[in-house]
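Chemist: One structure is given below, represented as C-alpha cells, and several questions about it will come after.
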Amino acid sequence: MSVLLDYLLEILQGLGTTLSLFVIALVIGFVLASAVAAFQIRFPGIVARSIWSLMFCIRGVPLLLILYVVYYGFPLLPFIRETVLWTVFASPYWCAIICLAFVEMAFTSEIIRGAYYQTPREQVEAARSLGLSGFQTFRVAILPAMLRNGFAPYTTEVILLCKSTALAFTITVMDLMGYANEIRARTLDIYHPLLIAGCIYICIVVITRLILSTLFNLVAVGGTAPEDRA
Amino acid sequence: MSAAASIPMPDKGPIAMNDTSHTPAIEIVGMSKWFGSFHVLEDIDLKVKQGERIVVCGPSGSGKSTMIRCINGLEDFQRGRIVVHGQELRQRARALDDVRKKVGMVFQQFNLFPHLTVLENCTLAQRWVHKVPGSVAIDIAMQQLEKVRIPEQAQKYPGQLSGGQQQRVAIARSLCLRPSIMLFDEPTSSLDPEMVREVLDTMADLARDGMTIICVTHEMGFARGIADRIVFMDQGRIVEQAPPAEFFDAPREERTQRFLEQVVR
C-alpha cells in the first residue's frame with residue numbers, strides 16, 4: 001500500500017506540468033480559434049475556403065506527428081536555431097504547448113463557426129428590427145445562441161485536449177504520463193503507475209466539466225434550459 | 001368587433017409626428033424584388049396614411065410577408081422605392097436606422113430573446129438604442145406590459161410563457177420604443193387556437209389608439225373588424241385593395257373571389 005502511495009506522490013510531481021500544458025494550450029487555442037473563425041465568417045469566399053483547407057489539414061494530421069516535426073525538425077532550420085525563436089523551440093515544454101494550441105485552434109475554430117451558422121436567423125432579425133446595431137445584435141442574439149449551440153461540442157473538445165497533453169511525454173516533457181512511464185520502466189510494475197495516472201486524468205476531466213458547466217450556467221441561460229424550449 | 005369602423009379616429013395618434021401628419025406614413029412606389037431569378041414582388045404600389053389599418057392577405061407564397069419585411073429593411077429590394085415618414089430607404093446608410101426606430105415589428109415566431117426575462121426583453125433596446133436610463137426604461141416597459149395585460153409575468157423567461165403570452169410580450173417589446181407604425185407578420189399563425197383571441201384583442205387595442213398598422217394575417221374576422229383597407233396579394237402582385245365591406249361582400253377580381261370562397265365559409 002505504501003508503495004502505491006509512493007507512486008502516487010511521484011506521479012503527482014507531473015500534475016503541475018499537465019495542468020499548465022492543458023490550460024495554456026486551451027487559452028491560446030481558443031484565442032486563435034476565435035480569430036480564425038471570425039476571419040472566415042467575415043471574409044467568405046476564397047479567404048474562408050483557404051483558411052478552412054489549412055485547418056482541415058491540421059485536423060487531419062496526428063498530433064504526435066506534429067510534435068515530432070516541431071521538436072525534432074525545427075532545430076534543423078537555421079532561421080529558428082539562430083534567432084530568438086530558439087528560446088521557445090529549444091524547450092520541449094513550449095514545443096508541446098505550441099503544438100497542442102495549434103491543433104486546438106483547428107478544431108475549436110470549426111466548433112465556433114458551426115455555432116455561429118446555427119444561430120436562428122429570426123433572433124438576428126428581431127434584434128435588427130428593434131434598431132440594434134451590428135455589435136449589439138451580436139451580443140444579444142448571436143453570442144447567446146453560439147453558447148447554447150457550441151457548449152456541448154466544445155466541452156468534448158476540451159476533454160480531448162486534456163488527454164492529448166499526455167503525448168507531450170514523447171518529447172521528454174515530464175508530465176503525469178511522463179512520471180508514470182518512468183516508474184513503469186524502472187520497476188517493471190506496469191499496471192499500478194499507469195492506472196494511478198489514469199485515475200488522476202479522470203479527476204481532471206470531471207473537474208473540468210464541472211467548471212465548464214458552471215461557467216456556462218453563469219453566462220448563457222437564464223430560466224429554463226435550452227432543450228426545454230420547443 | 002364589427003363596430004371597429006365607427007371607432008372615433010383621432011387624426012393624429014398620440015405618438016404620431018406632429019409636423020408630418022400630412023405625409024403618408026408609408027409610400028411604396030413601383031417596388032420589385034427577385035430571389036435569384038424568381039420574381040417575388042412585382043411592381044408593388046401601396047400608400048398608407050397615418051393611423052390607417054391595413055390587413056394584407058392572400059395565399060401563401062404570394063409575397064405578403066416579404067413585402068412588409070421590405071418596409072423595415074429585413075429584406076432588400078431591387079427596383080422602386082419605399083418612403084417611411086418622408087425618409088427614403090436606401091437613400092443613405094443611416095436612413096434604415098431611423099426607419100427602424102419608428103417602425104415596430106412583430107413576428108410569427110415571437111422571436112423573444114430566450115436568455116433574457118420578459119422585462120429585460122422590453123428594456124434592452126430602449127437602453128441600447130434610445131439611451132433611456134434604466135429606471136425609466138423599466139417604467140415604460142411595465143406600462144406596456146400592463147397594456148398587453150401581462151405585467152405579472154415580467155420576471156419570467158420567455159420559455160416559461162404560453163405562445164399567446166410570448167406574442168403579447170413581443171408586442172409590448174416593440175411598443176416600448178414608441179413606434180409610429182407597427183408591422184405584424186402573421187402574428188397568430190403559430191398560436192394554439194384558444195390563444196389567438198388574446199393576441200387579436202391586444203392588436204385591436206392598438207388600432208383603437210390610432211396606431212398605423214400593417215398586418216399580414218389569415219384571420220378574416222379580425223380583418224373585417226379592424227381594417228380600414230384590405231390588400232389582397234397573389235403571385236407577388238397586389239391584386240385588389242378595398243375597404244372590408246366591399247372586399248368581402250363585393251370583390252371585383254375573380255382571383256379574390258376564389259380566395260374568399262376558400263377561406264370564408
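The values are calculated or read from the model by the stated rules, or taken from the named source; none is laboratory data. Quick caveat: nothing in here was measured; it's all calculated off a predicted structure. Glycine also receives a Cβ, built like all others from the backbone with ideal geometry; neighbour counts cover every protein chain displayed. Accessible surface areas use protein heavy atoms only, side chains included; no ligands, DNA or RNA. Shrake-Rupley method; radii C 1.70, N 1.55, O 1.52, S 1.80 Å.
Chemist: Output the residues belonging to region A:1-29 that are part of a helix (DSSP H, G or I) and among the polar types (S, T, N, Q).
Modeler: Initially, region A:1-29 is screened for residues part of a helix (DSSP H, G or I), giving A:2-12, A:15-29.
Of everything in region A:1-29, those that are part of a helix (DSSP H, G or I) and among the polar types (S, T, N, Q) turn out to be A:S2, A:T17, A:T18, A:S20.
Chemist: Now for a separate question. Does B:L96 satisfy being hydrophobic (A, V, I, L, M, F, W, C), without any contact (Cβ under 8 Å) to a residue 40 or more places away in the chain and farther than 30 Å from B:Q155 by Cα? Explain how you work it out, then say what you get.
Modeler: On the way: hydrophobic (A, V, I, L, M, F, W, C): yes; without any contact (Cβ under 8 Å) to a residue 40 or more places away in the chain: yes; farther than 30 Å from B:Q155 by Cα: yes.
Yes.
Chemist: Still on this structure, I have one more. Among the helices (runs of 4 or more DSSP H) lying completely within region B:175-263, list those that include at least 2 residues that are under 28 Å from B:R149 (Cβ atoms). Show your work before the answer.
Modeler: Working: elements: B:193-208, B:220-226, B:244-249, B:254-263.
Ranges flagged: B:193-208, B:220-226.
Chemist: Condition first: open to solvent by less than 10 Å² (accessible area, probe 1.4 Å), of a type in the set (A, V, I, L, M) and within 14 Å of chain A (Cβ to nearest Cβ). Now tell me which residues in region B:130-159 satisfy that.
Modeler: Taking region B:130-159 first, the residues open to solvent by less than 10 Å² (accessible area, probe 1.4 Å) are B:137, B:141, B:145, B:148, B:150, B:154, B:158.
Still in the running and of a type in the set (A, V, I, L, M): B:137, B:141, B:145, B:148, B:150, B:154.
Matches in region B:130-159: B:A137, B:A141, B:A154.
Chemist: Say we look at region B:81-106 and pick out the residues that are more than 8 Å from chain A (Cβ to nearest Cβ) and in contact with a Gly (Cβ under 7 Å, 6 or more places away or on another chain); which of these is farthest from A:P120 (Cα to Cα)?
Modeler: B:L89
Chemist: Quick test of your reading of the structure: B:G30 fulfils all but one of (1) open to solvent by 10 Å² or more (accessible area, probe 1.4 Å); (2) in contact with a strand residue (DSSP E or B) (Cβ under 8 Å, 6 or more places away or on another chain); (3) at pLDDT below 90. Name the failing condition by number.
Modeler: (3)
Chemist: If we keep just the residues of region B:107-129 that are under 21 Å from the mean Cα position of the chain (by Cα) and more than 7 Å from chain A (Cβ to nearest Cβ), which is most open to solvent (accessible area, probe 1.4 Å)? Give the steps one after another, and end with the answer.
Modeler: Narrowing region B:107-129 to residues under 21 Å from the mean Cα position of the chain (by Cα): B:107-113, B:118, B:121-126, B:129.
The next check asks that each one be more than 7 Å from chain A (Cβ to nearest Cβ); those that pass are B:108, B:110, B:112, B:118, B:121-123, B:126.
Values: B:Q108: 64, B:F110: 23, B:L112: 10, B:V118: 0, B:N121: 2, B:C122: 2, B:T123: 10, B:Q126: 1 Å².
Per the stated criteria, the residue is B:Q108.
Chemist: Would you confirm whether or not region B:160-178 contains a residue that is more than 18 Å from B:M105 (Cα to Cα), open to solvent by less than 20 Å² (accessible area, probe 1.4 Å), at pLDDT 90 or above and over 13 Å from the mean Cα position of the chain (by Cα)? Before the answer, list the steps.
Modeler: Within region B:160-178, the first condition is being more than 18 Å from B:M105 (Cα to Cα), and the residues that meet it are B:160-162.
Among the residues that remain, those that are also open to solvent by less than 20 Å² (accessible area, probe 1.4 Å) are: B:161.
Subsequent filtering for residues that are at pLDDT 90 or above retains B:161.
Subset that is over 13 Å from the mean Cα position of the chain (by Cα): B:161.
Yes.
Chemist: Looking at A:A126, is it within 14 Å of another protein chain (Cβ to nearest Cβ) and open to solvent by less than 10 Å² (accessible area, probe 1.4 Å)?
Modeler: Numbers: within 14 Å of another protein chain (Cβ to nearest Cβ): yes; open to solvent by less than 10 Å² (accessible area, probe 1.4 Å): yes.
Yes; evaluated as a whole, the condition is true for this residue.
Chemist: Ok, one more. Spot the failing condition for B:F184; the list is (1) under 12 Å from the mean Cα position of the chain (by Cα); (2) open to solvent by 20 Å² or more (accessible area, probe 1.4 Å); (3) of a type in the set (F, W, Y), and only one is missed.
Modeler: Among (1) under 12 Å from the mean Cα position of the chain (by Cα); (2) open to solvent by 20 Å² or more (accessible area, probe 1.4 Å); (3) of a type in the set (F, W, Y), the lone unmet condition for B:F184 is (2).
For every residue, the table says whether it meets (1) farther than 19 Å from B:G104 by Cα; (2) modelled with pLDDT of 90 or more; (3) open to solvent by less than 10 Å² (accessible area, probe 1.4 Å).
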| site | (1), (2), (3) |
| --- | --- |
| B:D192 | yes, no, no |
| B:M195 | yes, no, no |
| B:T202 | no, yes, yes |
| B:R224 | yes, yes, no |
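Chemist: If you don't mind, there's one more thing I want to ask. Can you name the residue in region A:129-179 that is of a type in the set (D, E, K, R) and within 14 Å of chain B (Cβ to nearest Cβ) and, of all such residues, is surrounded by the fewest Cβ atoms within 10 Å (Cβ to Cβ)? Break it down into steps so the answer makes sense when it comes.
Modeler: Keep residues of region A:129-179 that are of a type in the set (D, E, K, R), which gives A:139, A:148, A:157, A:163, A:175.
Subset that is within 14 Å of chain B (Cβ to nearest Cβ): A:139, A:148.
Values: A:R139: 15, A:R148: 21.
Of everything passing the filter in region A:129-179, A:R139 is surrounded by the fewest Cβ atoms within 10 Å (Cβ to Cβ).
Chemist: Now for a different question. More than 14 Å from chain B (Cβ to nearest Cβ) and either open to solvent by 50 Å² or more (accessible area, probe 1.4 Å) or of a type in the set (S, T, N, Q) (or both): which single residue out of A:T187, A:T119 fits that description? Full working, then the answer.
Modeler: On the way: A:T119 fails: more than 14 Å from chain B (Cβ to nearest Cβ).
Only one candidate passes the filter, namely A:T187.
Chemist: Against the definition (more than 30 Å from B:A95 (Cβ to Cβ), at pLDDT below 95, open to solvent by 60 Å² or more (accessible area, probe 1.4 Å) and among the hydroxyl-bearing types (S, T, Y)), how does A:T214 come out, yes or no?
Modeler: Working: more than 30 Å from B:A95 (Cβ to Cβ): yes; at pLDDT below 95: yes; open to solvent by 60 Å² or more (accessible area, probe 1.4 Å): yes; among the hydroxyl-bearing types (S, T, Y): yes.
When the stated conditions are applied, A:T214 passes them.
Chemist: I need the full set of residues from region A:190-199 which are open to solvent by 50 Å² or more (accessible area, probe 1.4 Å), of a type outside the set (A, V, I, L, M, F, W, C) and out of contact with any helix residue (DSSP H, G or I) (no Cβ under 8 Å at 6 or more places or on another chain), in order please. So that I can check it myself, show each step before the final result.
Modeler: In the first step, residues of region A:190-199 are kept if they are open to solvent by 50 Å² or more (accessible area, probe 1.4 Å); the result is A:190-192, A:194-195, A:199.
Narrowing further to those that are of a type outside the set (A, V, I, L, M, F, W, C): A:191-192.
Within region A:190-199, A:Y191 is the sole residue that qualifies.
Chemist: Would you point out which residue out of A:L64, A:L32 is touching a residue at least 24 places away in the same chain (Cβ under 8 Å), surrounded by fewer than 16 Cβ atoms within 10 Å (Cβ to Cβ), in a helix (DSSP H, G or I) and among the hydrophobic types (A, V, I, L, M, F, W, C)? Let's see the steps before the verdict.
Modeler: On the way: A:L32 fails: surrounded by fewer than 16 Cβ atoms within 10 Å (Cβ to Cβ).
Matching residue, one of A:L64, A:L32: A:L64.
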